[in-house]
Each structure stands twice: as structure tokens, then as C-alpha cells.
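Notes follow the structure.
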Amino acid sequence: MTFWILAPIMVAAALGILFVRKAVHAALLLAVVMMGLAVLYAVLEAPFLFAVQIIVYTGAILMLFLFVLMLVGVDASDSVVETIKGQRALATILGLILGLVLVTGLSQVTLGTAVGLEEANTGGNIEQLANILFSRYVFAFEATSALLITAAVGAMVLAHRERLTPKATQASMAAQRMRDYAESGKHLGPLAAPGVYARHNAVDTPALLPDGTPSESSVSRVLAARGVVRSAPALADDIDEVQRQLGHDPATQDVPVEEDPR
Amino acid sequence: MTQYVVLSAILFTIGCIGVLTRRNAIVVFMCIELMLNACNLALVAFAKQHGNLDGQIAAFFVMVVAAAEVVIGLAIIMTIFRTRRSASVDDASLLKY
């Protein structure tokens with residue numbers, strides 16, 4: 001029963017990995033598949049693998065994927081350019097043929113009644129796994145420990161970056177700022193804070209300069225790139241409305257409303 | 001028990017198609033993980049079928065190897081991304097020429 005509920009969900013999530021554009025969504029769909037697999041392990045009398053699947057796969061490996069996605073950039077989406085002509089269609093067709101062959105072949109096999117693991121699991125699944133792991137598979141186990149050490153050292157070597165320039169100290173950064181001011185007149189002080197108004201004090205509202213134009217440096221560049229910065233005309237409408245509510249006529253006020261360049 | 005093996009074959013096929021069609025190296029890597037997981041499911045299903053824990057041990061070793069592989073693979077992807085600002089498998093093609 002569990003199988004027939006989980007299997008469609010898992011297949012749908014796995015198919016989703018093929019079709020979603022963003023890598024983050026693919027990672028989350030993979031998490032769905034892995035959790036489904038963990039439950040299936042529990043159904044198949046493998047409680048140890050159930051825990052390991054959740055802890056190691058969903059907990060560690062998928063989080064590693066998400067970390068790397070954050071480092072690489074969430075919007076590193078797939079390109080649709082084909083370097084080999086017709087490769088995508090051919091790969092899909094061949095993959096479907098592989099799946100068809102596998103599924104038809106396997107569904108013609110009769111496996112007979114399952115022996116079940118009651119006998120093998122006497123004394124507990126984890127204890128029995130430990131018995132086998134530390135007797136018959138002890139050399140494989142030792143080899144995996146060497147593999148894990150090698151992997152950890154290899155990851156450190158690959159991720160290491162030699163520092164080519166000396167680290168910027170606070171004094172050198174201050175001197176650089178002064179040089180910038182002398183050469184290009186770049187503002188010395190900190191950036192302007194976002195606008196704080198009666199109706200809006202969110203970070204997406206630009207501060208207004210004395211001449212009424214919005215100050216681009218007062219909102220985060222990330223928000224500007226996403227295009228969620230509130231435009232100055234919308235802000236001016238808000239101000240007009242407040243003034244109307246207060247009984248002032250906005251037309252008599254000298255509020256310059258400039259067209260937002262964004 | 002057959003249905004578990006069939007599901008495992010389906011997941012393996014989906015992972016296979018993903019490796020062949022997707023261009024983002026990280027998504028390709030996820031599809032490899034999907035294939036490894038599908039194999040694990042078959043191993044655990046056969047362990048129950050035969051009443052033998054060796055299949056579960058094999059699945060356990062696959063998980064350990066997959067963990068080591070992910071660490072190294074993602075480190076390589078990071079290194080390539082650092083030098084060429086791209087995570088696409090098509091961009092790392094200098095060895096071709």
C-alpha cells in the first residue's frame with residue numbers, strides 16, 4: 001500500500017528533475033525522491049538504511065548540493081543550445097528505449113514469494129548488519145575509510161585558493177577610499193539609507209535627494225536587479241494621497257515628480 | 001517484490017535521460033545520485049527477496065562511495081566555476097581541441 005502511494009510521487013518528482021529550469025527546484029525534487037526511498041527502505045525491513053538514507057543522503061549530500069548551488073549562483077540555469085545536433089532528442093529516445101526494455105523485461109520475471117528478513121534480522125537489523133560488516137566485509141569497510149579520507153583531503157586541495165595579493169587591512173581600505181575621493185570625487189561616507197517616510201520605510205523604497213529624484217545608491221543593488229524597487233512616482237502618489245487626506249491640494253504643493261529611469 | 005525492481009528501473013532510466021539531456025553540471029550530478037539511489041532500491045529489494053542482508057550492506061557501501069563522490073565532484077564543479085564562471089558541461093571543452 002505504501003509502495004503504491006509513494007511510487008507515483010517519486011516517479012513524478014524524478015520526472016520533474018528532468019523538466020524544471022532551476023537547479024534549486026531539481027534539488028528539492030531530488031529530496032522528495034530520497035525521502036520516498038527512505039520510507040520504502042523501512043517497508044523493505046531495512047531500518048538502518050532508512051535512517052542512513054535520511055541522515056546521509058537527504059541531510060548531508062543534498063545540503064552539500066544546495067550549498068554549492070548557493071556558491072555557484074541560484075540562477076545558473078540550463079542553456080538550451082545544443083552543441084551536438086539532435087543530441088537531446090536522441091538521448092530521450094534511447095533513454096525511453098532503455099526504460100522500456102528494462103521495465104518489460106523485469107515485469108516478465110517472476111521472483112516468487114519473498115523470503116523476508118525475519119530470520120536474518122533476528123537480534124535486530126543493525127546488530128546483524130554490524131556482524132556481517134565487521135566480519136566478511138571488514139576489508140571493504142577499511143577501504144571505504146581510506147576512500148573517505150582521500151575524498152576529504154582531495155576536496156580541501158581542490159577548494160584551496162592561494163592568496164596572490166596581500167589581504168586588505170582597514171588602514172589600506174581607508175587610504176583607498178581617500179584616493180578614490182581625490183581622483184573621482186566618489187562619496188567618502190557610507191551609502192545613503194533607504195527612504196523613511198510616513199507610509200513606507202521598507203528597504204525597497206529609495207531615499208529622495210534634495211531635488212526630489214530617487215537616490216539609486218540608497219537601495220540594495222540586489223533589489224534593483226530583481227526589479228522590485230518601488231518607483232518614485234508611486235511613492236509620490238502615496239504622498240499626494242496622504243496630503244489629500246490631510247486636506248491639502250497636491251497641485252499647489254511643489255512636489256517635483258520625475259520619471260523613474262528604471 | 002517485482003514492483004520495487006520495476007520502480008528502480010524507472011528511476012534509473014529517468015536519471016540516465018537526465019544525465020544525457022541536462023546541461024547544468026550540478027543537475028547532471030543530481031541525476032547520477034538518482035541513478036545510484038535507484039540501484040540501492042533494487043539492492044534492498046533483493047535483500048528482502050532472498051532473506052539475506054548482503055544486499056543491504058552493498059547499498060550501504062554505495063551510499064558511502066556516493067558521499068565521497070559528491071564531495072569531490074562538487075569541489076571540481078566549484079573549481080571549474082571559479083575559473084570560467086559557468087556550471088555548464090558544454091563550456092568545459094578545452095581538452096577537445
Q) Which one is nearest to B:Asn37 (Cα to Cα), of the residues in segment B:70-89 that are of a type in the set (S, T, N, Q) and more than 7 Å from chain A (Cβ to nearest Cβ)? A) B:Ser86
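The rows are residues; the columns are (1) facing chain A (nearest Cβ under 7 Å); (2) in contact (Cβ under 8 Å) with a residue 12 or more places away in the chain.
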position: B:Val6; (1), (2): yes, no
position: B:Gly15; (1), (2): no, yes
position: B:Val27; (1), (2): yes, no
position: B:Leu41; (1), (2): yes, yes
position: B:Phe46; (1), (2): no, yes
position: B:His50; (1), (2): yes, no
position: B:Ala58; (1), (2): no, yes
position: B:Met63; (1), (2): yes, yes
position: B:Ala68; (1), (2): yes, no
Q. Pairs, please: C-beta under 6 Å, at least 6 apart or cross-chain, first residue without any contact (Cβ under 8 Å) to a residue 12 or more places away in the chain and in segment A:24-37, second part of a helix (DSSP H, G or I)?
A. A:Ala26/A:Ile17; A:Ala26/B:Val27; A:Ala26/B:Met30
Q.
Restricting to segment A:102-125, give me the number of residues that are more than 9 Å from every other protein chain (Cβ to nearest Cβ) and modelled with pLDDT of 90 or more.
A. 1
Q. Looking at segment A:235-256, which of its residues are exposed (fewer than 13 other Cβ atoms within 10 Å of the Cβ) and either modelled with pLDDT of 60 or more or closer than 20 Å to A:Val203 by Cβ (or both)?
A. A:Glu241, A:Arg244, A:Gln245, A:Leu246, A:Gly247, A:His248, A:Asp249
Q: Test A:Phe67 against the stated conditions and say whether it is at the interface with chain B (Cβ under 7 Å from one of its Cβ atoms), surrounded by fewer than 19 Cβ atoms within 10 Å (Cβ to Cβ) and either assigned to a helix (DSSP H, G or I) or out of contact with any strand residue (DSSP E or B) (no Cβ under 9 Å at 6 or more places or on another chain) (or both).
A: no
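Restricting to segment B:44-56, name every residue that is assigned to a helix (DSSP H, G or I) and buried (at least 21 other Cβ atoms within 10 Å of the Cβ). First the steps, then the outcome.
Taking segment B:44-56 and keeping what is assigned to a helix (DSSP H, G or I), we get B:44-50, B:54-56.
B:Val44, B:Ala45, B:Phe46, B:Ala47, B:Lys48, B:Gln49, B:Gly55, B:Gln56 - these are the residues of segment B:44-56 that are assigned to a helix (DSSP H, G or I) and buried (at least 21 other Cβ atoms within 10 Å of the Cβ).
The values are calculated or read from the model by the stated rules, or taken from the named source; none is laboratory data. Remember, it's a predicted structure, so these values are computed and weren't measured experimentally. As a convention, Cβ positions derive from the backbone with ideal geometry for all residues, glycine included, and neighbour counts pool all protein chains shown.
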